[in-house]
Every structure is written in C-alpha cells, then in structure tokens.
Amino acid sequence: MASKQIRELLEPVSVLVADGNNYTRRLTRGMLQHLGIRNIYESTDGVSALETVRGGNPDIMILEWGLPLLDSVEVMRIVRTPGMFPKPNLPVIMLLESGIKSQVTQAMRLGAHEVLVKPISPYALEQRLLSILLKPRPMVRAGKYYIPMPR
C-alpha cells in the first residue's frame, strides 16, 4: 500500500493513548501524527481512559499494560463487558513492557486486538493500526466478555 493511501486511511481515525508515562505518551503521539492521525486523545490512568472513551468516542485505544489507578486488566474487563460499557467492540492495541508469553496471552484473552512490546517503532504501530482497519475482526462472546474473534 502506498504511503499516500495509508495517510488517507489513517487521517480520519481518532486514537486514545492511555499511558501513565508522559514521555511514552508524547512519543506515541508523535508517531501517530507522523502517520497522519490528527485526532489524538491522551489519558494518564485507567479512570481517565474510560472517561475519554465515553466522552471522546475514539476509534482505537492504545492501552499501556501498567496504568495507574485502574490497571489495564480492569479497564479491559470494563470495556469488554456488554451492557456495562457503551463501546465493547472498541479496538485496543495493548502496549507491554516485555514480550512475556503469559502477559501476551492474558492481553489477548482480555480482548486486545493487537499487542506491541515497548519500545515501539513507527512501522510496528502503523502495521497494527492497518491490521485493525483493513482486517477487522468481529467481536464474539467469551463467557461474560466480548473479545475479537481469534485469528
């Protein structure tokens, strides 16, 4: 896909970056802006992330694993619970500090669409965003939660 086509696809997308680390949020924001995304929300903790999803209605959430106040596990459980949250099908890219298999597995079981291990690159971020936009996966019920249909 050509760079111009990618920019045209990504430009109208709104993204929430939920990360407790100010430096990582700024870095991620810069990468998103470089990709052509202009509507970017930022949250410093799990509580404000949920409020931003409710009020800002982002198309995609980039969620850091170790959020303060309300951790990412609880955020995902709330977001993916039908009837409890207005956007249970919100695509989520989970940011992990390490690629430990158990953590990656847990992120996927919680309903993350994609996983990125820090430090992230603009190319890896672009590929995850394109995967969500070009190959959307339907949400399926797994117990009392919604998760993206496994590949």
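The values are calculated or read from the model by the stated rules, or taken from the named source; none is laboratory data. The shown structure was predicted, so the numbers you read here are calculated from the model rather than taken from an experiment. Counting neighbours? That spans all protein chains shown, and the Cβs are built from the backbone with ideal geometry, glycine included. When the accessible area is computed, the model is the full protein with side chains, heavy atoms only, and any ligands, DNA or RNA have been set aside. Shrake-Rupley method; radii C 1.70, N 1.55, O 1.52, S 1.80 Å.
Any idea how far apart LEU134 and ASN57 come out in nm if each label point goes 7 Å out from Cα toward Cβ?
Those two pseudo-labels are separated by 2.8 nm.
At 1.4 Å probe size, what's the solvent-accessible area of MET149? Round to the nearest 10 Å².
Using a 1.4 Å probe on the heavy atoms, I get roughly 90 Å².
Among the listed pairs LYS4/LYS135; LYS87/LYS135; LYS101/LYS135, which have their C-alpha atoms separated by more than 22 angstrom in this model?
Values: LYS4/LYS135 19 Å; LYS87/LYS135 19 Å; LYS101/LYS135 24 Å.
In this structure, LYS101/LYS135 lie more than 22 Å apart at Cα.
Which far-off residues, 5 or more places away or on another chain, put their amide H under 5 Å from the one on ILE62, with H placed in the peptide plane?
LEU16, VAL17, ALA18, ILE93
Could you size up the charge dipole of segment 112-151 around its Cα centre, putting +1 on the beta carbon of Lys and Arg and -1 on that of Asp and Glu, and report it in debye to the nearest 20?
I would put it at about 200 debye.
I'm spelling it out carefully: the read-out is Cα extents along the principal axes in Å, the candidates are [x] 41, 33, 31; [y] 49, 42, 27; [z] 45, 37, 30, and one was derived from this structure. Which label?
[x]
How big is the dipole moment of the chain about its Cα centre under a simple scheme where the beta carbon of each Lys and Arg is +1, that of each Asp and Glu is -1, and everything else is neutral? Debye, nearest 20, please.
The calculated dipole for the chain is roughly 480 debye.
Along the charge dipole of segment 1-81, which of LEU67, THR28, ILE78 sits closest to the positive end, that is, farthest toward it, with unit charges on the beta carbon of Lys, Arg, Asp and Glu (+1, +1, -1, -1)?
THR28
Hey, in the GNM for the chain with a 10 angstrom Cα cutoff, which one of GLU114, GLU64, GLU51 fluctuates hardest?
Highest fluctuation of the listed residues: GLU51.
Can you work out the Karplus-derived ³J(HN,Hα) for every residue in segment 142-148? Use 6.51 cos²θ - 1.76 cosθ + 1.60 with θ = phi - 60°, whole Hz, and x for glycine or proline.
Whole-Hz 3J(HN,Hα) from phi for segment 142-148: 10, x, 9, 10, 9, 9, x.
For the chain, what is the relative contact order in percent, using Cα pairs closer than 8 Å and at least 6 residues apart in sequence? Let's see the in-between values first.
Values: 260 pairs, mean separation 28.3, N = 151.
Across the chain, relative contact order equals 19 percent.
Once you keep just the Cα pairs under 8 angstrom separated by 6 or more residues, what percentage relative contact order results for segment 58-146?
28
Run lengths n ≥ 4 of DSSP H only: what is the helix-derived mean residue ellipticity at 222 nm for the chain, with -39500 (n - 2.57) per run over all residues, to the nearest 500?
Taking each H run of at least 4 residues, the total per residue is -12500 deg cm²/dmol.
Accessible area per residue, 1.4 Å probe, Å², for segment 1-128: what's the number? Provide the component values of the computation, followed by the final result.
On the way: 6000 Å² over 128 residues.
Accessible area per residue, segment 1-128: 47 Å².
Rounding to the nearest 20 debye, state how big the charge dipole of segment 61-102 is about its Cα centre with +1 on each Lys and Arg Cβ and -1 on each Asp and Glu Cβ.
Once rounded to the nearest 20, the dipole reads 220 debye.
Hey, what angle do you get for helix 122-134 against the long axis of the chain, alpha-carbon based, 0 to 90 degrees rounded to 10?
The answer is roughly 70 degrees.
Classify segment 10-68 as rounded, prolate or oblate, taking a ≥ b ≥ c as the square roots of the eigenvalues of its Cα gyration tensor: rounded when a/c is under 1.5, otherwise prolate if a/b is larger than b/c and oblate if not.
Taking the square roots of the gyration eigenvalues as a ≥ b ≥ c, segment 10-68 is oblate.
So if each residue of separation counts as 0.36 nm, and I subtract the Cα-Cα distance between ARG151 and SER3, what length gain in nm does that give?
50.6 nm
Tell me, what % of the accessible area of the chain is carbon and sulfur with a 1.4 angstrom probe? List each step's numbers first, then the result.
Values: 4110 of 7580 Å².
On the chain, the fraction of accessible area on carbon and sulfur atoms equals 54 percent.
Whole-Hz Karplus ³J(HN,Hα) for segment 17-31, in order, using 6.51 cos²θ - 1.76 cosθ + 1.60 and θ = phi - 60°, x for Gly and Pro?
Those phi angles translate into 9, 10, 8, x, 9, 4, 4, 5, 4, 5, 4, 5, 4, x, 5 Hz.
Per-residue HN-Hα couplings for segment 47-59, Karplus 6.51 cos²θ - 1.76 cosθ + 1.60 at θ = phi - 60°, whole Hz, x for Gly and Pro?
5, 5, 4, 5, 5, 5, 5, 5, x, x, 6, x, 7
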